[in-house]
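Trainee: Handing you this structure, nothing more for now.
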Amino acid sequence: MERCDFASVTTIIKSYLIENQDIDQETFIYLLFKDYFYSDYSTGYGFFDSSLLCRWFKGQARVTRQITSYYGNEKHQQGWRKSLCKEFLPKLTDSAMTVQKLYELVMGDISISERKKQELTERYPCSNAEEDIDFIARVLYFGMTREFIKKDVQAKNLISGGNLSPVLADFIMGNDVPKPCRYFCGREKELEQLHEMLLEHEKVFLQGIAGVGKSELAKAYAKQHKKEYTNVLYIVYSGDLHQNVIDLDFADDLPGESEEDRFRRHNRFLRSLKSDTLLIVDNFNTTATKDSFLPVVMKYRCRALFTSRSRMENYPTMQLSEISDKMTLLGLMGRYYSAAKEQEPVLSEIIDTVHSHTLAVELAARLLEHGLLQPHELLRKLQEEKVALDDADKISITKDGKPAKETYYGHIHTLFSLYLLTGEYQGIMRNMVMVPVSGIPLRLLADWLSLTDLNAVNDLIEMGFITPLPGHCGSLHPMIQETALADLKPSISNCRILLENLQSLSLFHGLEISYYKLMFQTIENIIHFTEKDELPFYLRFLEDVFSYMEKYQYGQGMHLILRELQTFLDQSSVGTVRDRALYLDCQAACEKNREKAIELEKDALALFPEVDEDTALLVSNLHANLGGMYREIEKYDLARQHMEAGIKLLEKYRPVSMHDSIPQFTNYAVFLSDIGEPERGMTALKRLARYIKTYNSEESEDFALVQEAMGGICLTQGRISEAKEHFKKAIDIYKTIWADSPEQVEAKYQEIEELYPQAGIRLAQKILSEE
């Protein structure tokens, strides 16, 4: 029996899209809910990364309550039907057959009551296309708002025989190959050559200068030959292949799983793939010796295609040069410059001047379309630059005595500077340097930069500096990124707004965000790319984001921050006692040996022989961390000693209802419950709840957190009705304080639901259904 839910309904809808409507998941979602994403109700926090969308389509996660709540409004539903008529109706080959299949899905689902079936199908059969859309919307809304039941990932589907790999579409999320540029052209021979090389060698490095079209060729190859492969996995190189393997999103990944365990499982699975699977690693711009995990990947049995600017002398390499056919490049310019036909002679000279470099040709055409220069003026300025691009991008000496690697950016720098970008445009580009080349949702970018609208961002897209991506996302081409880095010189001070907003997010330790990997990769680029001109603020920024990375066990970023802190704090003139204590605390968090970690934490505490109001909170946290470490190695007396020492400092110097103190009290209460003193734990929490009522409010997030902790203790004692009462209070508070952020309520529902799977208790759903 097929269950009528969001996954099954959208599968039917997508199966009736017109064949040439090759819509990726992000675009499908934005078209499906276009009126929602364009409403004031949606914010940057409404961003859903590709792996999350993939989970919706595969039935691995429910559609966020932020969307379902929006369409619960009757006025919004009416607008939704109008939007679907405009966006989807023209794209369906047969709306009537789509409706028929959805009708069969509903009627065949025995988990739907007969009365509900009659309600959903009362207007079936439909008499026109508008009624078809009305029926589709009704069934789709029902499918995404009913009780969510996660589809099982069947291990048997991943068992392959003979020479075929298992089908991974339902198992690895969010690694589909992006579509190539819609104006991709002139590479027919290269596509054929690449295919022959992959058949012969199985592992191929597609090498060439920046901006020549390596990534687009790889995407075009995947699109052209997708039916010849069981699977095509696409990875944007992060600078560490080992980390890329960890970051793959498998459907059976466990929350809280260590990076080491996740790597072992992912790597073992990838090693089982065969030659009918193609792995694409895009922008592998490093050398074989700098990534120690490359030899391991080269031993995988699947085919692999790397795009790279670097020479890989010991591996099969295909050199990609500029497009040689000038008419093809003139046609490309015509896509961006409306007067291209009339200006062909001078455009031909421009193409020669930039040595047929694809990205330079595109940027030149866009600049001309904006009317900032006439074609002859642009040609003169490019010729004055007197730089040359070496077709092979060899690190060698050219005729003018300049290394080619220093010269092939010349025209891009010239084109970039000719736009004479104003302060707002410069600010956006300067901050975009820190965004990973995989891209960012534009609304999220606006939120991080505190922009009031996206007008300037859209202008930069039209100029060709920001590349639009599916799902209203954008990125910088690596060559543009490097040019902006050199020209705009990002620093801590001139990117302060971005850093402050990321720091603020990091301080909300209870906030779950779906885009945390994007956020952490951006922070890593901040560390790599910015000038450190405001050290006190920068050190505080690093210390705050470290603790948030620790929440997600993002080991790569944690170790990078640790090295960065060491670089500055090794200088005696830099930093405060607080900074050095937090550095030791960070070291302890990264230390696998608990005994060594405990010594580091003791060293941090030793820096504060006297405690005052200014240092009390930090020292209290250090005691709490040390107590947690003693708890891990089952030294319960010492664990209690330090936990209680931390709490006493909070009670002496600060109100215990202060938000930062809540985790210490709740952890202490849970600890008491675990060692057989649940009533003492409940007493401590009840005392804390009274303090919160006095100093804060019974409708605060802090009070809700305490209610959750009390519910958890009751649950471990088998006091189900009391647990339900406490969780119900917590959820009611969250509904009130997070009324404008339903996705946070949704995350809390799921968190509570995960407490009950073994006992088979559906408490979270009961709470959900009760008002």
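Trainee: Hey, can you find the accessible area per residue of the chain for me, probe 1.4 Å, expressed in square angstrom? List each step's numbers first, then the result.
Mentor: On the way: 35220 Å² over 771 residues.
With the other protein chains kept in place, the chain gives 46 Å² per residue.
Trainee: Per the Cauchy relation, a quarter of the hull surface: what is the mean projected area of the convex hull of the alpha carbons in the chain, in nm²? Don't jump to the answer; show the numbers that get you there.
Mentor: Details: hull surface 148.1 nm².
Computed as one quarter of the Cα hull surface, the answer is 37.0 nm².
Trainee: Rounded to the nearest 5, what is the percent of antiparallel bridges among the DSSP beta bridges in the chain?
Mentor: Bridges in the chain that DSSP calls antiparallel: roughly 35 percent.
Trainee: With just the Cα atoms of the stretch 543-696, tell me how far they stretch along each of the three principal axes, in Å, largest first.
Mentor: 47, 32, 29
Trainee: In terms of the Cα gyration tensor, with a ≥ b ≥ c the square roots of its eigenvalues, is the stretch 309-365 rounded because a/c is under 1.5, prolate because a/b exceeds b/c, or oblate? Intermediate results must be reported in sequence, preceding the final value.
Mentor: Details: a/c = 3.10, a/b = 2.96, b/c = 1.05.
Taking the square roots of the gyration eigenvalues as a ≥ b ≥ c, the stretch 309-365 is prolate.
Trainee: Grab every C-alpha pair in the stretch 336-388, bin the distances at 10 angstrom width from 0 up to the longest one, and report whole percents.
Mentor: Reading upward from the zero bin: 27, 64, 9.
Trainee: Magnitude of the Cβ-charge dipole of the chain, K/R +1 and D/E -1, about the Cα centre, nearest 20 debye?
Mentor: Working: 89 positive and 116 negative charges, 266 e Å.
Dipole of the chain, to the nearest 20 debye: 1280 debye.
Trainee: Continuing with the same structure: Treating only the Cβ atoms of Lys and Arg (+1) and Asp and Glu (-1) as charged, compute the dipole magnitude of the stretch 220-340 about its Cα centre; round to the nearest 20 debye.
Mentor: On the way: 17 positive and 16 negative charges, 111 e Å.
Using only the charged Cβ atoms, the result is roughly 540 debye.
Trainee: Need one number: convex hull volume per residue for the stretch 498-570, Cα atoms only, in Å³.
Mentor: Spelled out: Cα convex hull of the stretch 498-570, divided by residues, is 82 Å³.
Trainee: Give me the Å³ per residue figure for the convex hull around the C-alpha atoms of the stretch 536-584.
Mentor: On the way: hull volume 3.1 nm³, N = 49.
Each residue corresponds to 63 Å³ of Cα convex hull volume.
Trainee: Roughly to the nearest percent, how much of the accessible area of the stretch 421-462 is carbon and sulfur, given a 1.4 Å probe? Mind showing how you got there, number by number?
Mentor: On the way: 640 of 1490 Å².
Reported share for carbon and sulfur atoms: 43 percent.
Trainee: Using the charge dipole of the chain (Lys, Arg: +1 at Cβ; Asp, Glu: -1 at Cβ; taken about the Cα centre), state which of ALA606, ILE13, TYR419 has its Cα farthest towards the positive end.
Mentor: Positive-most Cα among the choices belongs to ILE13.
Trainee: Please list, by residue number, every one of the trypsin sites (Lys or Arg not before Pro) in the stretch 92-125 that is coil in DSSP and has at most 15 other beta-carbon atoms within 10 Å.
Mentor: Details: sites: LYS101, ARG115, LYS116, LYS117, ARG123; in loops: ARG123.
Passing sites in the stretch 92-125 are ARG123.
Trainee: Kirkwood-based Rg over Rh for the stretch 254-354 (C-alpha set), two decimals? Write out the running numbers ahead of the final one.
Mentor: Numbers: Rg = 21.4 Å, Rh = 17.7 Å.
In the stretch 254-354, Rg relative to Rh is 1.21.
Trainee: Would you compute the Debye intensity of the stretch 94-228 from its alpha-carbon atoms alone, equal scatterers and no solvent, and pass along log10 I(q)/I(0) at q = 0.09, 0.10, 0.11 Å⁻¹ to two decimals?
Mentor: For the requested q values the scattering log ratios are -0.55, -0.65, -0.74.
Trainee: Scan around LEU233 for amide H atoms under 5 Å from its own, H built in the peptide plane at 1.01 Å from N, and keep only partners 5 or more places away or cross-chain.
Mentor: For LEU233, the qualifying residues are LEU278, LEU279, ILE280.
Trainee: Sequence-distant or interchain residues sharing an amide H contact under 5 Å with LYS203, placed H: which?
Mentor: ALA304
Trainee: Still on this structure, please answer the following. Compute the normalised compactness of the stretch 73-119: alpha-carbon radius of gyration over 2.2 N^0.38 Å, N being the residue count. Mind dumping the intermediate values first?
Mentor: Working: Rg = 13.5 Å, N = 47, 2.2 N^0.38 = 9.5 Å.
Here the Cα radius of gyration is 1.42 times the empirical estimate.
Trainee: Residue by residue through the stretch 718-726, which ³J(HN,Hα) values in whole Hz follow from phi under the Karplus form 6.51 cos²θ - 1.76 cosθ + 1.60 (θ = phi - 60°), with glycine and proline marked x?
Mentor: Going residue by residue, I get x, 8, 5, 5, 5, 4, 4, 5, 5 Hz, with x marking Gly and Pro.
Trainee: When the helices in the chain are scored as -39500 (n - 2.57) per DSSP H run of 4 or longer and the sum is shared across all residues, what 222 nm value do you end up with, to the nearest 500 deg cm²/dmol?
Mentor: Values: 38 runs with 436 residues, N = 771.
Using -39500 (n - 2.57) per qualifying helix, the result is -17500 deg cm²/dmol.
Trainee: Separation of the stretch 526-551 and the stretch 204-235 by C-alpha centroid, Å?
Mentor: Taking the Cα centre of the stretch 204-235 as reference, the centre of the stretch 526-551 is 36 Å away.
Trainee: Continuing with this model, one more query. What net charge do the residues around ASP459 carry, taking every other residue with its C-beta under 14 Å from that of ASP459, with Lys and Arg at +1 and Asp and Glu at -1? Can you show the working numbers first?
Mentor: Numbers: positive: ARG366; negative: GLU369, GLU424, ASP453, GLU462.
Residues near ASP459 contribute -3 overall.
Trainee: So for the stretch 205-294, taking the charge dipole from beta-carbon charges (+1 Lys/Arg, -1 Asp/Glu), which of TYR237, THR277, LEU294 sits furthest toward the positive end?
Mentor: In the stretch 205-294, that residue is THR277.
Trainee: Can you give the angle from 0 to 90° between the axis of helix 662-674 and the longest principal axis of the chain, with both taken from C-alpha atoms, to the nearest 10?
Mentor: For 662-674 against the chain, the angle is about 60 degrees.
Trainee: How big is D, in µm² s⁻¹, for the stretch 163-239 by Stokes-Einstein at 25 °C and 0.890 mPa s if Rh is the Kirkwood radius over C-alpha pairs?
Mentor: Estimated via Stokes-Einstein, D reaches 177 µm²/s.
Trainee: Ok, one more. Read phi for every residue in the stretch 594-605 and hand back ³J(HN,Hα) as whole Hz from Karplus 6.51 cos²θ - 1.76 cosθ + 1.60, θ = phi - 60°, with x for Gly and Pro.
Mentor: My calculation for the stretch 594-605 gives 4, 5, 5, 4, 4, 5, 5, 5, 5, 4, 5, 5 Hz in order.
Trainee: Could I ask something else about it? In Å, what is the Rg of the alpha-carbon atoms in the stretch 453-518, and how long is Dmax?
Mentor: For the stretch 453-518, the Cα radius of gyration and maximum Cα-Cα distance read 14.5, 40 Å.
Trainee: Could you run the Karplus curve 6.51 cos²θ - 1.76 cosθ + 1.60 with θ = phi - 60° over the stretch 87-96 and give me ³J(HN,Hα) per residue in whole Hz, x for Gly and Pro?
Mentor: These are the phi-based 3J(HN,Hα) values: 8, 9, 4, x, 9, 8, 6, 7, 5, 5 Hz.
Trainee: Scan around ASP291 for amide H atoms under 5 Å from its own, H built in the peptide plane at 1.01 Å from N, and keep only partners 5 or more places away or cross-chain.
Mentor: none
Trainee: Using a simple charge model, +1 on the beta-carbon of Lys and Arg, -1 on the beta-carbon of Asp and Glu, nothing else, what dipole does the stretch 624-694 show about its Cα centre, in debye to the nearest 20? Let's see the in-between values first.
Mentor: Working: 11 positive and 9 negative charges, 84 e Å.
Here the size comes out at about 400 debye.
Trainee: Ignoring any ligand, DNA or RNA, what whole percent of the accessible area of the stretch 96-229 comes from carbon and sulfur when the probe is 1.4 angstrom?
Mentor: Details: 3390 of 7080 Å².
Carbon with sulfur: 48 percent of the solvent-accessible area.
Trainee: Accessible area of the stretch 253-373 with a 1.4 Å probe: how many percent of it is carbon plus sulfur? Please list the in-between numbers first.
Mentor: Numbers: 2610 of 5360 Å².
It is 49 percent, rounded to a whole number.
Trainee: Within the stretch 73-128, what is the number of lysine pairs with alpha carbons under 27 Å apart, leaving out pairs fewer than eight places apart on the same chain?
Mentor: Step by step, the pairs that qualify in the stretch 73-128 add up to 12.
Trainee: Quick one: pull the percentage of alpha-carbon pairs in the stretch 210-265 with a separation above 17 Å.
Mentor: On the way: 860 of 1540 pairs.
Cα-Cα pairs of the stretch 210-265 separated by over 17 Å account for 56 percent.
The values are calculated or read from the model by the stated rules, or taken from the named source; none is laboratory data. Just so you know, these numbers come straight off a predicted model, no measurement behind them. Reconstructed Cβ throughout: ideal geometry from the backbone, glycine too, with neighbour counts over all protein chains shown. Surface areas here come from the heavy atoms of the whole protein model, side chains and all, with no ligands, DNA or RNA. Shrake-Rupley method; radii C 1.70, N 1.55, O 1.52, S 1.80 Å.
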